[in-house]
Amino acid sequence: MNIQPPLCARGVPESFLTKFGSHVSGVLSGFDRLRFRATLRLLFVPAIMEGYLNACHVLLKDFKTYALGVTARLKAAAYDSAKAAGRPDLYLPSPEISKEEKARQIAQADQVKEGLIALFSATEPCLSYSVRGDKTTRRLRLVLEMRKCTHFYHYFMHPDFGQVSVRVQSWFPFAVDVCVNGREWLARQMDRAGLAYEQRDNCFAWVSDAARAQELLEEQLRTDWTGVLQPLLEKAHPLHAELGRPLGQSYYWSASQTEFATDVLFKDAAALAGVYPALVHHGIRTFGGEDVLRFLGKTRPGLCAGEVKSTRKRRVEGVRLKHEVKGNSIKMYDKQGSVLRVETTIVRPEEFKVYRSSQGAPEQKKDWKPMRRSVADLARRAEVSAAANARYLTALASTAQTTPLKNQACEVCRRRTVEGRSYRALNPWAPEDARLLELVSRAEFTINGFRNRDLRPDLFGKASSDAEERRRAAKVSRQLGLLKAHGLIAKVGRTHRWKMTAKGRQTVTALLTARETDVEQLTKLAA
């Protein structure tokens, strides 16, 4: 097996490496694409925006004239920068045109090694201001609404990040978006470290020293994001300081979208092709809403499975299986033939938690609070995303079995004696046992485990009396003892909670999958 032990602790579960390690040459786990947003946050509040105009001595009736003047200066600065650098400026009339690909083509044709590649302009939707009359008050007021305006895309060849884009909105409140590619960044890190690699599109099919490359990826997490992004803002948006001056504010950096990819590098395309169809088939047929919630670390049963969408799509880079819930998603690709990529995308970080003190009061006691969009919580995003990828790979390892099902089932399907006490065999095809196995493997119990009382309502419904509740509690205790005797669950120390063991997760998943497989499929497999 060519996998180094430290990789197990860096986002790839041991169960997956145990099963597929002989086919794997390395693992890379880190940020892929990152989209940052710089905003003058106060200007997104209409009342404060009116105060801003007042500080600039601009009446509401003159807002359009004032805004047009600022926009004209911003446009002139953009075109002047392209002209000074001797680079092309192009208007792209259709959203179907890939700006990233077009910039790449220009960079290759003109051999751009550093600096501005090209300036693109496009008319696109944005959140911006208009002046409207209020019939109730008979006064003018500012309205923040969806509009369209010109956006400027400044594509740079950055010495550290490779190709990056800076998108500047040309109308108030002048939001700025910066896109960085973590894998392009890694390529330059490896070049400086003297590591050999084979890069295909946005992934690496082979790396001479995967452990060292992983260390470089982890160095990215210690980046001073504001420090590296601010120079890009200054190049593409020279009016940024002037616009913030009336209210004494500066542009605030947040991460509007992060993609964290775990790439398992198979030795060749044939090795991945031998297992990938089975992985896709299992994922689309078996991973239900609760499984997806578990992958994304959700423990709230109130978030129903109906909000989860799973789709399979064949793309140029391979077959993609995607699971999405509330805007956040986890995907699986077979990229460039020999790379298995599992990727978590976060666009709504508030769905996750971070252990921190209250914003603006660092002296306060820390507690678990909603994750912020701020770049300050980017390391926590990486931690959450890596854990989601690992859970997904664990599920794949437990279902893509090369071991016969009888080897998984024989232990739990026969009587056992533990410490002199005999326990009956489990029967996963019997409704009562199957229901129990389904309950203890539910998504919301993955992180914090479950208690006796968590199972009783689903197993028996509402009790009619306290005596009946006690009888049910005793019965569940016996059932939990049975699962423990078979090694499927274990007690969480100093609590009343239980959790699935690694063996339990693997065995129960395999048994429940087999239980749901139809006879026609099994007949085809046996033919």
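The values are calculated or read from the model by the stated rules, or taken from the named source; none is laboratory data. Computed from a predicted model, the values in this text were never measured in an experiment. Because the Cβ atoms are built from the backbone with ideal geometry, glycine has one as well, and the counts that use them run over all protein chains shown.
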Wholly within region 159-251, which strands (runs of 3 or more DSSP E) include no fewer than the required count, namely at least 3 residues that are closer than 30 Å to SER81 by Cα and either at pLDDT 95 or above or not assigned by TED's automatic domain parsing to the domain that holds LYS335 (or both)? 162-169, 176-181
Of all residues in region 181-229, which are of a type in the set (S, T, N, Q) and crowded, with 16+ Cβ neighbours inside 10 Å? ASN181, GLN189, GLN199, ASN202, GLN214, GLN220, THR223, THR226
When region 437-481 is checked residue by residue, the ones that are free of Cβ contacts under 8 Å to residues at least 40 places away in the same chain, of a type in the set (A, V, I, L, M) and loosely packed, with under 14 Cβ neighbours inside 10 Å are ALA467, ALA474
So TYR155 ticks every box in (1) out of contact with any Cys (no Cβ under 8 Å at 6 or more places or on another chain); (2) closer than 20 Å to PHE63 by Cβ but one. Which box is left unticked? (2)
If we scan region 354-376, do we find a residue that is among the β-branched types (Val, Ile, Thr), at pLDDT 85 or above and touching a Cys at 6+ places or on another chain (Cβ under 7 Å)? no
Sole exception among (1) under 14 Å from ASP454 (Cα atoms); (2) surrounded by fewer than 18 Cβ atoms within 10 Å (Cβ to Cβ) for VAL492, by number: (1)
Can you tell me which residues in region 99-118 are over 29 Å from the mean Cα position of the chain (by Cα) and surrounded by 14 or more Cβ atoms within 10 Å (Cβ to Cβ)? ILE106, ALA107, VAL112, LEU116, ILE117, ALA118
Criterion first (under 24 Å from the mean Cα position of the chain (by Cα) and in a strand (DSSP E or B)) does SER121 satisfy it? no
Could you please find all residues in region 244-258 being crowded, with 21+ Cβ neighbours inside 10 Å and either of a type in the set (A, V, I, L, M) or farther than 26 Å from ALA55 by Cα (or both)? ALA255, THR258
Can you find even one residue in region 327-350 that is surrounded by fewer than 19 Cβ atoms within 10 Å (Cβ to Cβ), modelled with pLDDT of 90 or more, of a type outside the set (A, V, I, L, M, F, W, C) and in a helix (DSSP H, G or I)? yes
Which of the residues spanning region 482-500 are charged (D, E, K, R), touching a residue at least 24 places away in the same chain (Cβ under 8 Å) and part of a strand (DSSP E or B)? LYS499
Among the candidates ARG391, ARG381, single out the residue that is modelled with pLDDT of 90 or more, surrounded by 12 or more Cβ atoms within 10 Å (Cβ to Cβ) and either part of a helix (DSSP H, G or I) or not basic (Lys, Arg) (or both). ARG381
